[in-house]
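Beneath this line is the structure, given in structure tokens, with notes to follow.
The values are calculated or read from the model by the stated rules, or taken from the named source; none is laboratory data. Remember, predicted model here, so these are calculated numbers, not experimental data. Glycine also receives a Cβ, built like all others from the backbone with ideal geometry; neighbour counts cover every protein chain displayed.
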Ligand SMILES: O=C(O)CCC(=O)C(=O)O
């Protein structure tokens, strides 16, 4: 007799059953054989046990999770103060569902053909140049308004920096290229440094696995200072953060840590990334897509950052700035020194 689909209550992190974060409930339709002792039931229980163990690991570095609701309804002054003090701020629901769908299609199509392996995931550096279809996002009016609000003026410089990621693992870092000697030579903690990055996740991250930050760490080069906070976001939210802020994306669990080491030691990142993709599918982890890009106010810090990035780009195979992007930015009153492909 055909079995009727049953409704099963899953709770917790990213719809994972067995999560440590039972603050969100969702209903999922499941058509498995639920009789006690069935193969389906045993396999579900095994997956739940593994997931529970990895969730314990994931919960560790993310001690405090910012409440989604606590950050709604801030005034523009409060947001400006927050980014100055804490190094980051969230603007809620800046992108519509249609825009998210378009972005998801663009990234999924792109990653089917082009990527570099980074953190055992797919990574597209220099994405403003490599994925010309991102022009509308980089010049999105509401995103530019948000940048202008926190930067406190109308003049805005697009630095050319943009990265897209899919299922990438990462660890605490700053976006000032500290491991390559740092893009900033002078006073790292200066309040004159006003270079901010937009972070957009294409899925909800209410209980982790999105962006974690070390609050207030943008005034020091240290990677270990500042209380850890997990930033709760929904798909369509915009995170703006100081590029000096210590942050991390999805952290590796013990098995993924072993795989990362194995990939590096054997110099077989591509093959090991495929194993990690199968491991994440086995755990039922949802796909994680994100885009990041950087703007600044005109001045010496933005200039230093832009030139540092430009030198890295000269070795890149992606050619010059796409004309539609240059035109859109010009129409929106944004300065783009790389628009003529040379910041000199
Ligand atoms: O994709 C993520 O979750 C984090 C990416 C990130 O940290 C970065 O691009 O600097």
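Restricting attention to region 308-344, the residues that are in contact (Cβ under 8 Å) with a residue 60 or more places away in the chain and over 30 Å from residue 276 (Cβ atoms) add up to 18.
Candidates 264, 270, 278: the one that is more than 22 Å from residue 233 (Cβ to Cβ) and touching a strand residue (DSSP E or B) at 6+ places or on another chain (Cβ under 7 Å) is 270.
Does residue 139 count as in the same structural domain as residue 332 (by TED's automatic domain parsing), at pLDDT 95 or above and under 17 Å from the mean Cα position of the chain (by Cα)? So residue 139 does not fit the description; no.
For region 192-201, the condition of being more than 14 Å from the ligand (Cβ to nearest atom), farther than 16 Å from residue 293 by Cβ and in contact (Cβ under 8 Å) with a residue 12 or more places away in the chain holds for at least one residue.
Residue count for region 149-187 satisfying the condition of being under 19 Å from residue 240 (Cα atoms) and either more than 13 Å from the ligand (Cβ to nearest atom) or free of Cβ contacts under 8 Å to residues at least 24 places away in the same chain (or both): 12. Between 246, 233, 207, the distinction of being on the phi < 0 side of the Ramachandran plot, within 15 Å of the ligand (Cβ to nearest atom) and modelled with pLDDT under 95 belongs to 207 only.
Number of residues in region 199-215 that are touching a helix residue (DSSP H, G or I) at 6+ places or on another chain (Cβ under 6 Å) and closer than 22 Å to residue 296 by Cβ equals 1.
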